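S.K.: So that we are looking at the same thing, I have put the structure below in structure tokens.
Values quoted throughout were computed directly from the atomic coordinates according to the rules given, and no laboratory measurement underlies them. As the structure is a computational prediction, the values presented were derived from the model and not from experiment. Note: ideal-geometry Cβ built from the backbone for every residue, glycine included; neighbour counts use all protein chains shown.
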Amino acid sequence: MKIYLSFIIAVSKMFFRRKQSIFWSLFFPIVTMLVFGNLKIIGYSAPNVGILNNSNQAESTIQKLEESNVINIVKIESSAEAYNALEKGSIAAFIELPNNFDEKTPRLSKPSITSRKGDKAELQLVENLLASTLDADEISKYVQSNVADITYQGYKGFVIPGLVAMAIMQNGIFSVIFTLLSYKKQGVLKRLQATPISPSQFIVGHLIARVSIIITQTIILLIMGVFVLGLSVGQGSIFAWINILLFSLLGGILFLSIGLAISNLSPSEESAPALANLITFPMLFLSGVFFPIDFLPKFIGYISNALPLTHIASGIRNSTLYGNSTLSTLPQLGFTFIWLTIVFLICAKTFKWE
Amino acid sequence: MINVKNLTKKYEDIVAVNGISFEVNEGEVFGLLGPNGAGKTTTVEILEGLRKPSSGEATINNLDVSKETKKVKSIIGVQLQSVNFFEELSLSEIVELFADLYSSNVDSNEILDRVGLLKKKDSYFKPLSGGQKQRLSIAVALVNNPKVLFFDEPTTGLDPQARRNMWGLIKSFQKDGKTIVLTTHYMEEAEILCDRVAIIDEGKIIKINSPSNLIDELTKSGFKSTKKVREATLEDVFINLTGKSLRED
């Protein structure tokens, strides 16, 4: 046990004394986060507003709303779908028309508008539009307004969790190949081989040490996101942090093992970074780090779903945005775990001291 | 202390070590001499448990090196030919890390003092001179208080002062009762340090004896050196002019 502790201490010291490792694992992701977290991806366009119609006396009202050019109407089938769309940001608010709504006597059963916290402008816009559609003299007599317990985080809420996942991957793969290859080349590993520790003790010790660094990095990045970019993590749910640390742990070990496997299998020292780039580069774009994988053509979507980073990013994102319980992130955790097992076996089988 | 019988190491197309046998007694300094590629390092690395022999056997303190490798590793101290350690750790951190890997509780200051690096204990590995790197490597070899020490070309590339310092260290380890196996290309070094030497060529041992017996044997056979033997060597001149003290500290 003491061996592992010494490894953790020694590896952490070396990590923090290396300027490159600080640059790539903290400085670089933080700058990327600040840039992308403040990015306004879309310029102004009319907000999407959902309409959930339960009445059959609303035809002309809906038609009038659809003709409006200050909002885009999106038809919605159930209230669950409506809340989901609010959370995801595909609509900014939704109008619900009750089943006894009759556009001739709108005051008798008032339609409702549900918007998100902090979206006052959108709420007012929809209120005014609906009131004029219904020829209302006083809004509150015709429309009931609700504010749902949802805060929309915009693009930063999408991209920060993605960048956290990306940083786990980059740190995991590159920190291992650059240090391990130089240890191999310099014969440091051979000297370790001459000590009574076994290869598995070395691998496990190294993994524990490096994954603690990755978890620290994840926490630092998220805290930066919270305090500098105003990210809200998990809407106050403790599960969010538990899940994020779990993904950081499993994802960290997975990518470290990929790094180990690359350094074991690459034919020369020069080819290892190239091989690592070949693996990480497609994942940056296909795993939903910067944009949702729904934007990709369908056949590429299948590839995306097979990549580990996709699931780690979506697990961290769902936890950050919605504070999902650990149970509901089990599919992503499980997928990551399967990848981890496969890669760990490869790296344990192919490990060489020289 | 060390017992080697018919040790052979074959690689795909070459036989690096070809059925060699020798014994090393407790407390002895034993030299392995031979040209490059003769099989010295391979032999030493088999004894250190870094390579598996193709056939034959070797024991250290009655422990089979290829079967009880872990036990063997814990009673030997190793200085490898290419000396490198973690660049971002200080010397005392390196010694402490290795002590932990051997589950040994040693005082890193005491060990660094022994090899004359106490003043450098907070320095990193990278800026050290060649001689200092070698001495750190020796210090690391001592962390588990080993019974047997393996030194693979410990003085290659060192200046005469640093070499003499290294000889002093090796002699002091012998005084502590340690058994030492040494490979070297410097015959005068072998003559000064080794109780017995094995001369290896092309994977085979040609001769084992004490340096002075080997010299006697040669001169009795009628050998005459073409070089006139003088009272001093150029190295004596060099040391006399520049002094014995180490230059790097």
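S.K.: Given a Förster radius of 51 Å and the C-beta distance between residue B:55 and residue A:112 as r, what FRET efficiency does 1/(1 + (r/R0)^6) yield to the nearest 0.05? Numbers along the way, then the final one.
M.R.: Values: r = 87 Å, r/R0 = 1.71.
Efficiency at R0 = 51 Å is approximately 0.05.
S.K.: Please name which of B:43, B:117, B:186 has its Cα lying farthest along the dipole of chain B towards the positive end, using unit charges on Cβ (Lys, Arg +1; Asp, Glu -1) and the Cα centre as origin.
M.R.: In chain B, that residue is B:186.
S.K.: While we're looking at this one, here's another question. What is the magnitude of the charge dipole of segment B:24-144 about its Cα centre, with +1 placed on the Cβ of each Lys and Arg, -1 on the Cβ of each Asp and Glu, and no other charges, expressed in debye to the nearest 20?
M.R.: 320 debye
S.K.: Let me ask something additional. What is the dipole size for the protein assembly as shown, taken about its Cα centre, with +1 at each Lys and Arg Cβ and -1 at each Asp and Glu Cβ, in debye to the nearest 20?
M.R.: 1440 debye
S.K.: Residues with amide H under 5 Å of residue A:150's amide H, sequence separation 5 or more or different chain, H placed in the peptide plane at 1.01 Å from N; which?
M.R.: Answer set, sorted by chain and number: A:117.
S.K.: Can you give me the long-range amide H partners of residue A:324? Hydrogens built in the peptide plane at 1.01 Å from N, cutoff under 5 Å, separation of 5 or more residues or another chain.
M.R.: A:319
S.K.: Quick one: 3J(HN,Hα) in Hz for segment A:146-158, Karplus 6.51/-1.76/1.60 with θ = phi - 60°, rounded, Gly and Pro as x.
M.R.: 10, 10, 6, 7, 9, 10, 7, 9, x, 5, 4, x, 7
S.K.: Run the numbers on chain B and let me know its relative contact order in percent, using alpha-carbon pairs under 8 Å that are six or more apart.
M.R.: Reported as a whole number, the value is 26 percent.
S.K.: Counting only other chains, and only Cβ atoms inside 10 Å, what mean value do you get across the residues of A:193-205?
M.R.: Mean inter-chain Cβ contacts per residue within 10 Å come to 5.
S.K.: What are the ³J(HN,Hα) values, in whole Hz, obtained from phi via the Karplus relation 6.51 cos²θ - 1.76 cosθ + 1.60 with θ = phi - 60°, for each residue of segment A:176-181 in sequence order, with x given for Gly and Pro?
M.R.: Each residue's phi maps through the Karplus curve to give 5, 5, 5, 6, 5, 5 Hz.
S.K.: Could you tell me whether segment B:36-150 comes out rounded, prolate or oblate from its Cα gyration tensor? Rule is a ≥ b ≥ c as square roots of the eigenvalues, rounded for a/c under 1.5, then prolate if a/b exceeds b/c, otherwise oblate.
M.R.: Judged from the Cα gyration tensor, segment B:36-150 comes out prolate (a/c at least 1.5, a/b above b/c).
S.K.: Can you pull the one-decimal nm distance between simple spin-label points at residue A:31 and residue A:241, each 7 Å off the Cα toward Cβ?
M.R.: The answer from the label model is 3.0 nm.
S.K.: Roughly how far apart, in whole Å, are the Cα centres of segment A:226-275 and segment B:38-78?
M.R.: Spelled out, the Cα-based centre of one part sits 40 Å from the other.
S.K.: With a ≥ b ≥ c taken as the square roots of the eigenvalues of the C-alpha gyration tensor of chain B, please select rounded if a/c is under 1.5 and otherwise prolate if a/b is larger than b/c or oblate if it is not?
M.R.: Here chain B falls in the oblate category.
S.K.: Residue by residue through segment B:58-69, which ³J(HN,Hα) values in whole Hz follow from phi under the Karplus form 6.51 cos²θ - 1.76 cosθ + 1.60 (θ = phi - 60°), with glycine and proline marked x?
M.R.: Going residue by residue, I get 9, 10, 10, 6, 6, 9, 6, 5, 8, 9, 10, 4 Hz, with x marking Gly and Pro.
S.K.: Ok, one more. First select every other residue whose beta carbon is under 15 angstrom from the beta carbon of residue A:53; then total the charges, Lys and Arg +1, Asp and Glu -1.
M.R.: Neighbourhood net charge equals -4.
S.K.: Then there is this: Would you compute the Debye intensity of segment A:45-152 from its alpha-carbon atoms alone, equal scatterers and no solvent, and pass along log10 I(q)/I(0) at q = 0.19, 0.21 Å⁻¹ to two decimals?
M.R.: With no solvent term, the Cα-only Debye profile gives -0.90, -1.12.
S.K.: With a/c under 1.5 counting as rounded, go ahead and sort the protein assembly as shown into rounded, prolate or oblate using the C-alpha gyration tensor (a ≥ b ≥ c being the square roots of the eigenvalues; past the cut-off, prolate if a/b is larger than b/c, else oblate).
M.R.: Cα axes put the protein assembly as shown in the prolate bin.
S.K.: What residue among A:16, A:255, A:344 shows peak mean-square fluctuation when chain A is described by a Gaussian network model with Cα springs under 10 Å?
M.R.: Maximum fluctuation in the GNM of chain A, among the listed residues, is at A:16.
S.K.: Quick one: which residues, 5 or more positions from residue A:48 or on another chain, have an amide H under 5 Å from its amide H? H modelled 1.01 Å from N in the peptide plane, none for Pro or chain starts.
M.R.: Under 5 Å from the amide H of residue A:48 lie the amide H atoms of A:72, A:92, each far enough along the sequence or on another chain.
S.K.: Separate question: Using only Cα atoms, tell me the angle between helix A:2-17 and the longest principal axis of chain A; keep it within 0 to 90° and round to the nearest 10.
M.R.: Tilt of helix A:2-17: around 70 degrees.
S.K.: Count neighbours as other Cβ atoms within 10 Å of each site's Cβ, and list the GluC sites (Glu not before Pro) in segment A:34-95 that are DSSP loop with at most 15 such neighbours.
M.R.: Passing both the DSSP loop test and the Cβ count: A:77.
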